[in-house]
Each structure stands twice: as structure tokens, then as C-alpha cells.
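No value in this document is a laboratory result; all are computed from the given coordinates. Only a predicted model underlies this, so the values are computations on that prediction, with no experimental measurement involved. So basically every Cβ, Gly included, is an ideal-geometry build from the backbone, and we count neighbours across all protein chains shown.
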Amino acid sequence: MERAEIESKMRELLVEELGLDADAISMEARFEEDLEVDSLGVVELLMALEDNFGVQIPDEEAESIGTVGQAVDLVEQKLNG
Amino acid sequence: MSGVALVTGASRGIGAAVAGALAADGFAVAVNYARSVEGAKRVVDDIVSGGGTAIPIQADVSDADQVADMFATVAGEIGAVSVLVNNAGITDDGLLLRMGVDQWDRVIATNLRSVYLCTKAALKPMIRARAGRIISISSVSGVSGNPGHSNYAASKAGIIGFTQSIAKEVGSRGITVNAIAPGFIATDMTDALGDTVAEGVIQQISLGRLGRPEEVASVVRYLASDGASYITGQTLVVDGGLAL
């Protein structure tokens, strides 16, 4: 999957699953500080990523996700090895 | 009221009464059982003949794979679970000095690990739906202890702590998590006490009698209803005034 495609799907998920404002989402946006996603929200995001991209994200790798861009990085790395 | 309720250990006793009560309120009910298929079928038949919806579903709720399969099957047949009633429980009594590790582990697995597994499985769709009710059957043994009950009491006290923690974890998603601590209810479990013990117990109960499974089921019914929308993290003691 192309990175641009992952990015656009990620935006969709953030709006649909976490109810975020589409305009607030940028690749630099930090989940907790900028997007006000709480710790359970991050878990919801992980579940959504696993379901929608068909990847497995172990807890220790999940901890590296701070921004939307980092979530895209992780999915890209999982999908493309 | 509509939605899907899953009741673990619902082939008899309190679980069977809970399944019937929730069906009467319009829930489609998944009647879980481990071994007593006849009992589960009776509970399902009673509900269906009364115009309700119910399915029997076999699973050992202390087994992670079987719990996952159970939730998938229930979701496929009657929809995602909106009310989970963690009721399945066993006793294997003995004074601590005579209690084996197997005896300890088996009771903790059936009574407490099951609550962890089923609640975890139920929460995912509830979080997505921003609604749901988790109701777990604890026991007065878990509130104030009983000799010979260290394994059972530990599992039931564990449910209370679990309930409070999960209530805090998922409250922001509109999900309530509560426990009920029944006292001595007339079921197969208390029949095993024997007449002498039962008489001694009754003397300690303010209402002077054992409770009926329906008297616990009505409290579950309440906690599952819209009327209980602002109650979470609580343990309601339903014991006829035993622990006073």
C-alpha cells in the first residue's frame, strides 16, 4: 500500500472511529496534546488500525506512537516490512 | 428495552433467572452454559415460548479461545452484546490448610478469569457504540468472607475490585460496570450446604429466609435498565439483611 493511501485511510479512521475534526488532523498533530485523544482513545485507534489494515501492533511498539505521522509510519512498516 | 444480553452460567440458578428477566424486558438473550445443555435448552425454550428471543451457547468461560468464539457466534446470530452478565461461578470449599493448588486455581479461573475474558471481549463493540452495561455477580463472601471459602471469597472480592477499575476505565464511553453481591440464595449451590448449616444461616438473615434467584435477577434487570444509567462502579448487596 502506498504511503499516501495509508495517510488518507488514517484520516478517515480518525474521523469515523475517534470522532476527530478532519481539519485538525495533520501528520504532525500529537494525539494526546493536540487532538485531545485520551489513553483509551489511543487503544481504540490501535484496534481500528489492526482491524482496518490487517496488522498486529504489539503494546511495546504502540508506545512509540505520539503523532498521526508516527502511526502512519508504524502501519507502513508493518505492511511493507 | 432492546439489545442483546449475554448471561454466563445461565443454565440454572441465578443465571437462569437473570436470562428470563432480561428476555422479559425485550433483550435477545444468549444463554451460556459449560456442561448442562438440557438446562440451557430449558431456559431458552421458556423464553422462546413466552415470545422472546434466546439462543443457547456452549463455552467454558475460563478459556480464552472459547470466549472469543462465543462472542463471535453471538454477534453473528443475534447481534453485538449490549449487556454482559458475568454470572458463571463454582465453589470448591475447604479450609485453607487443606486447600490444594488445583482447588484454588480452578475456582479463581472459573469465577474471576472468566470475568476478565468476557468483559474484555464485550467491551470492544460497547466502546464503539458508546454504550453498554457490564454486570457481574459477586457474593457476600467477597464482601465479608466466610470460613472454607478463601478461594471463592477471593474470586468474588476480585470481581468487586475489577468492577471499580473498569468502571473508571470506560466511564467516559457511556458504559456502566457494576456488581451484585447476593447472600444465601436458594440454588443448587446452597442446597449443597446441608440442612443444619442452612438453618444456622437463616438465623443470621434479617428477613429470616433464603433469597430466590428471581430476587437477584430483578436487580440485574434494574442495572441493565435506563433507570440505572447513573450508577457505576458499585456493588449492590442483595442478602436479605445478612451482613448487617
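Here B:ARG212 clears all of (1) more than 18 Å from B:VAL107 (Cβ to Cβ); (2) away from every other protein chain (no Cβ under 14 Å); (3) surrounded by 15 or more Cβ atoms within 10 Å (Cβ to Cβ) except the condition numbered (3).
If you go through the stretch A:39-57 and pick out every residue that is within 14 Å of chain B (Cβ to nearest Cβ) and surrounded by 12 or more Cβ atoms within 10 Å (Cβ to Cβ), you end up with 13.
Taken over the stretch B:1-39, the criterion of being of a type in the set (D, E, K, R) and farther than 25 Å from B:SER229 by Cα is satisfied by B:ARG12, B:ARG35, B:GLU38. Does B:ASN111 satisfy being away from chain A (no Cβ under 14 Å) and more than 16 Å from the chain's Cα centre (by Cα)? Taking the combined requirement at face value, the residue does not satisfy it. Enumerate the pairs (first residue in the stretch A:13-24 and within 14 Å of another protein chain (Cβ to nearest Cβ); second residue anywhere and part of a helix (DSSP H, G or I) and of a type in the set (Ser, Thr, Tyr)) with beta-carbon separation below 6 Å, excluding pairs fewer than 6 apart on the same chain, so at least 6 apart or on different chains. Every condition considered, no pair remains.
Look at B:ILE175 and say whether it is on the phi < 0 side of the Ramachandran plot and within 14 Å of chain A (Cβ to nearest Cβ). Spelling it out, B:ILE175 is indeed on the phi < 0 side of the Ramachandran plot and within 14 Å of chain A (Cβ to nearest Cβ). In the condition set (1) within 14 Å of chain A (Cβ to nearest Cβ); (2) of a type in the set (A, V, I, L, M, F, W, C); (3) buried (at least 16 other Cβ atoms within 10 Å of the Cβ); (4) more than 15 Å from B:ILE166 (Cβ to Cβ), B:ALA154 is compliant with all but (1). Out of all the residues in the stretch B:135-144, is one or more hydrophobic (A, V, I, L, M, F, W, C) and in a strand (DSSP E or B)? Yes, because at least one residue in the stretch B:135-144 is hydrophobic (A, V, I, L, M, F, W, C) and in a strand (DSSP E or B). Away from every other protein chain (no Cβ under 14 Å) and touching a Leu at 6+ places or on another chain (Cβ under 9 Å), is that true of A:MET27? No. Residues of the stretch A:16-29 that are exposed (fewer than 14 other Cβ atoms within 10 Å of the Cβ) and not hydroxyl-bearing (Ser, Thr, Tyr): A:GLU16, A:GLY19, A:ASP21, A:ALA22, A:ASP23, A:ALA24, A:GLU28.
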